[in-house]
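Just so it is clear, none of the values below were taken in a lab; they were calculated from the coordinates. Note that this is a predicted model, so its numbers are computed, not measured. All Cβ positions, glycine included, derive from the backbone under ideal geometry; neighbour counts span all protein chains shown.
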Amino acid sequence: MSLPLSVVMYPNNILRTACRALSKDEMLSKKTRKLSQEMVSLMYRAKGIGLAAPQVGASIRLTVIDAEDGEGARVLVNPEIVKASYKKETIEEGCLSLPGVFGMVKRPLLITVAFWDLEGKKQILKCSSPLLSRIVQHEIDHMDGVLFVDRAKRITKGKKLLAQWDRGETPLLDIPYPSTYIV
Ligand code: CO
């Protein structure tokens, strides 16, 4: 029996490492299915709306997302943005790996993403909402070792926490997870 998954916290190196793609055999494997299910339950427990594999210590291109659009949890393997709107929007983001830190991040408003599902089939998802588009972009960044704080024009909350982490300190966290834009 393995331990239940937990969220890897900043500034762990795995969050800075580009993840490898999954092979077709791996997409279809029981191990991947189990990992996805555990990531979905962890995401819900943590009140997040997205979680990428490196955030649970797996350096692979897999993410789970629930954009609260009635579609439930989606599992995206090897996702790639194939289209992005010219129009961009700046929104406040947070991340389960940086609890308490928020910042304004500019990204394309709407995107289309290609990915593989756990049946090994390629899917094209035209993200119909700005929220879903944003989560997918945040999670793909995770799989490239990029964090929202790298893109943030301005840190709106938790500047002190971020500085403590960057100095190698382990700040005491007493912050309940808010429920939006925590991915
Ligand atoms: Co995140």
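Structural remarks
- Counting the residues of the range 2-14 that are surrounded by 14 or more Cβ atoms within 10 Å (Cβ to Cβ) and more than 17 Å from Gly100 (Cα to Cα) gives 2.
- Take the conditions (1) part of a loop (DSSP other than H, G, I, E, B); (2) under 17 Å from the mean Cα position of the chain (by Cα); Ser41 misses just one of them, which is (1).
- Exactly one residue out of Glu80, Glu89, Glu119 is away from the ligand (no atom under 15 Å from the Cβ), closer than 23 Å to Leu62 by Cα and either part of a strand (DSSP E or B) or within 16 Å of the chain's Cα centre (by Cα) (or both): that is Glu80.
- Qualifying residue in the range 61-70 (condition: more than 30 Å from Leu172 (Cα to Cα), in contact with a Ser or Thr (Cβ under 6 Å, 6 or more places away or on another chain) and within 16 Å of the ligand (Cβ to nearest atom)): no
- Residues (touching a residue at least 60 places away in the same chain (Cβ under 8 Å) and either within 12 Å of the ligand (Cβ to nearest atom) or surrounded by 15 or more Cβ atoms within 10 Å (Cβ to Cβ) (or both)) located in the range 128-143: Leu131, Leu132, Ile135, Val136, His138, Glu139, Ile140, His142, Met143
- Selection of the range 144-157 for residues being crowded, with 17+ Cβ neighbours inside 10 Å and within 19 Å of Gly50 (Cβ to Cβ) yields Leu147, Phe148, Val149, Ala152.
- The listed residue being buried (at least 16 other Cβ atoms within 10 Å of the Cβ) and in contact with a Pro (Cβ under 6 Å, 6 or more places away or on another chain), out of Phe115, Phe102: Phe115
- Complete set of residues in the range 28-82 that are surrounded by fewer than 22 Cβ atoms within 10 Å (Cβ to Cβ) and in contact with a Gly (Cβ under 7 Å, 6 or more places away or on another chain): Leu28, Asp66
- When Val113 is tested against (1) without any contact (Cβ under 8 Å) to a residue 40 or more places away in the chain; (2) within 15 Å of the chain's Cα centre (by Cα); (3) closer than 22 Å to Arg154 by Cβ, only condition (3) is not met.
- Single unsatisfied condition, Gly57 versus (1) within 26 Å of Lys160 (Cα to Cα); (2) over 17 Å from the mean Cα position of the chain (by Cα): (2)
- Residues that are of a type in the set (A, V, I, L, M) and under 15 Å from Gly57 (Cα atoms), drawn from the range 134-145: Met143
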